[in-house]
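The values are calculated or read from the model by the stated rules, or taken from the named source; none is laboratory data. All values derive from a computational prediction rather than experimental measurement. Positions of Cβ are generated from backbone atoms using ideal geometry, with glycine treated the same way; all protein chains shown enter the neighbour counts. To get the accessible areas, we keep the full protein, side chains included, count just its heavy atoms, and leave off ligands, DNA and RNA. Shrake-Rupley method; radii C 1.70, N 1.55, O 1.52, S 1.80 Å.
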Amino acid sequence: MGVSFPGLLLVLFSFVLWLWALIEIIRSDFKDSSQKIIWLLVLIFILKAFSLIHESLKPKCYDAFPQQSRH
């Protein structure tokens, strides 16, 4: 089973968006230095949360498509 083009675009877009947010947080000048750490933790938490959601939904998605035998 290969990766579809729209799926690849979604993954690339998500990565670019996450990277852009990371760069903006690092470049931003916050009034309090702890705010930068908090935003970095929020960004990491969001990434981990989406990863866990994907892992919890993955078996359901793959069950919809039966495995094809390879001869």
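The set of residues from the range 11-26 being open to solvent by 80 Å² or more (accessible area, probe 1.4 Å), within 15 Å of Phe50 (Cα to Cα) and of a type outside the set (A, V, I, L, M) comprises Phe13, Phe15. Please identify the pairs in which a residue from the range 42-59 that is over 19 Å from Gly7 (Cβ atoms) and at pLDDT 85 or above has its Cβ atom under 6 Å from the Cβ atom of a residue that is open to solvent by less than 100 Å² (accessible area, probe 1.4 Å) and not charged (D, E, K, R), counting only partners at least 6 apart or on another chain. Hits for this filter: Leu43/Ala21.
Could you tell me which residue of the range 1-23 is modelled with the lowest pLDDT, considering only residues that are outside any helix (DSSP H, G or I) and either closer than 18 Å to Leu41 by Cα or aliphatic (A, V, I, L, M) (or both)? Write out each step before concluding.
Let us first name the residues in the range 1-23 that are outside any helix (DSSP H, G or I), namely 1-4.
With either closer than 18 Å to Leu41 by Cα or aliphatic (A, V, I, L, M) (or both) added as a condition, the list becomes 1, 3.
Details: Met1: 52, Val3: 65.
For the range 1-23, the residue satisfying everything is Met1.
For the range 27-47, which residues satisfy the criterion of being loosely packed, with under 10 Cβ neighbours inside 10 Å and part of a helix (DSSP H, G or I)? Those that are loosely packed, with under 10 Cβ neighbours inside 10 Å and part of a helix (DSSP H, G or I): Arg27, Ser33, Ser34.
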